[in-house]
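Everything on this sheet refers to the single structure shown next.
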Amino acid sequence: MDFSPFPYEGPEEMHGPILDALMRVVDPEVAMSVVDVGLVYGVRVDEHALHVRMTMTSAACPVTDVILEEAEHELQRIAPPGMAVEVELVWEPFWTPERMSPRARRFMGW
């Protein structure tokens, strides 16, 4: 992939499964993954927790709870037993269309 979707800190063997899990989380307003839309700001994994920082395209997003719950569900499916999964909603920096993947920009006609 020529597009680095988000900063990642943690064991390399978990990077691919985490990326795959987050690619399954779809923003229903644009019918694209949260990774392609650029909503994932970073992932950190340590021995106790898998922590994801995410944002939304707008503070008025009507599906915020659905997206966050789906992200947590998909990550829990791939997390080792006993590892906590934390999905944190952040608003800084603000989301901009420049965060979208090249594929998403093509899809949107940008």
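Here the relative contact order of the chain, from alpha carbon pairs under 8 Å that lie six or more residues apart, stands at 30 percent. Students often get this wrong: which residues of the range 2-32 have the backbone nitrogen under 19 Å from the point 7 angstrom along Cα-to-C-beta of residue 46? Only 7-15 pass the distance filter.
So between residue 77 and residue 24, what do we pick up on full extension, going 0.36 nm a residue minus the alpha carbon distance? Don't skip to the end; give the middle numbers.
Details: separation 53, 0.36 × 53 = 19.08 nm, distance 1.16 nm.
Gain in length upon complete extension: 17.9 nm.
Summarising the strand pairing of the chain, around 45 percent of its internal DSSP beta bridges are antiparallel.
If the chain linking residue 106 and residue 64 were pulled fully straight, counting 0.36 nm for each residue of separation and taking away their Cα-Cα distance, it would gain 12.7 nm.
Assigning unit charges at the beta carbon (Lys, Arg +1; Asp, Glu -1) and nothing else, what dipole magnitude in debye, to the nearest 20, does the chain show about its Cα centre? List each step's numbers first, then the result.
Numbers: 8 positive and 19 negative charges, 91 e Å.
Taking the Cα centre of the chain as origin, the dipole is about 440 debye.
Looking at the range 19-98, which chymotrypsin sites (Phe, Trp or Tyr not before Pro) are DSSP coil and have at most 15 other C-beta atoms within 10 Å of their C-beta? Within the range 19-98, the qualifying chymotrypsin sites (Phe, Trp or Tyr not before Pro) (loop, at most 15 other Cβ atoms within 10 Å) are 91, 94.
No lab work stands behind these numbers, since they all come straight from the coordinates. Just so it is clear, the model here is predicted, and its values are computed rather than measured. When we count neighbours, we look across all protein chains shown, and the Cβ atoms used for this are built from the backbone with ideal geometry, even at glycine.
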